[in-house]
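What follows is a short report on a single structure.
Bear in mind these aren't lab numbers, they're just calculated from the coordinates by the rules spelled out. Note that the coordinates shown come from a computational prediction; the quantities given were computed from them, not determined experimentally. Ideal geometry is used to build each Cβ from the backbone, glycine not excepted, and the neighbour counts take in all protein chains shown.
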Amino acid sequence: MKCDAVVLAAGYSSRAGTNKMTLTIENKAILERVIETLLVVCDKIVVVGGHNYNSIKLITDKCKNVKLVKNSKYHLGMFSSVQCGVSKMTKDFFLIPGDYPLIKQTTYKALMGGTGDFIVPEYKGRRGHPVLIKKNLIKLIEEEPIESNLKVFRDKCKTEFIKTDDEGILMDLDTMEDFEKIKEISGRRNQS
């Protein structure tokens, strides 16, 4: 059974010095790559925009089964975007920042086999994204204080950690150095 997804794309991208969601690898924006992989396992994807909303909209307008919502409180931090996106969910859903373009489809499928309420992938002992959240937590996330964060919330839940062979769960794009490394890994994957 498929689930839904919330993709966080409302931040300032300040460390990258540019809107990282629109950076391209092999003619596809970072955000578009994240969405395409999710569409294999998701019926509906909600992208949460804020800062750079219009450039995010140019990307989401090209994608099927994707709805862009605007977080007017994005300046209050990432958890405000989490709550904004989660408010549109009605079933189990993935939650992922929009700057993780290397996650494998097999990782999403492995998480869907988990039994916890909050399911987190691990690679070589390190925890990453995406997380899979069961629908029974939707109301609790919405009621969590806006100053909270996902880790604080996760630690209150029946959490399950699933080992993967996917280094992509740790590879987000904060700086242009990260971008160059992600491009290099993506190129190697395409050659193999």
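With a cap of 15 neighbouring Cβ atoms within 10 Å, and only residues DSSP puts in a loop, list the chymotrypsin sites (Phe, Trp or Tyr not before Pro) found in the stretch 8-95.
Answer in residue order: Tyr12.
Which entries of Lys64/Lys158; Lys2/Lys151; Lys62/Lys156; Lys156/Lys183 have Cα-Cα distances beyond 31 Å here?
In this structure, Lys64/Lys158; Lys62/Lys156; Lys156/Lys183 lie more than 31 Å apart at Cα.
For the stretch 3-191, restrict the atom set to alpha-carbon positions and state the Rg and Dmax in Å.
Calculated on Cα positions, Rg and Dmax stand at 15.3, 46 Å.
Just from its helices, what would the mean residue ellipticity at 222 nm be for the chain, if runs of 4 or more DSSP H residues each count -39500 (n - 2.57) and the sum is divided by every residue, rounded to the nearest 500 deg cm²/dmol?
-9000 deg cm²/dmol
Under 17 Å Cα-Cα from Lys181, which lysines qualify once same-chain neighbours fewer than 8 residues away are excluded?
In chain and number order, the partners are Lys20, Lys28, Lys104.
First select every other residue whose beta carbon is under 14 angstrom from the beta carbon of Thr106; then total the charges, Lys and Arg +1, Asp and Glu -1.
Every neighbour counted, the sum reads +1.
Net charge near Asp61, counting Lys/Arg +1 and Asp/Glu -1 over other residues with Cβ under 13 Å of its Cβ?
Neighbourhood net charge equals +3.
In the stretch 1-64, what trypsin sites (Lys or Arg not before Pro) fall in a loop by DSSP, with at most 15 other Cβ atoms inside 10 Å?
Sites meeting the loop and neighbour criteria: Lys2, Arg15, Lys62, Lys64.
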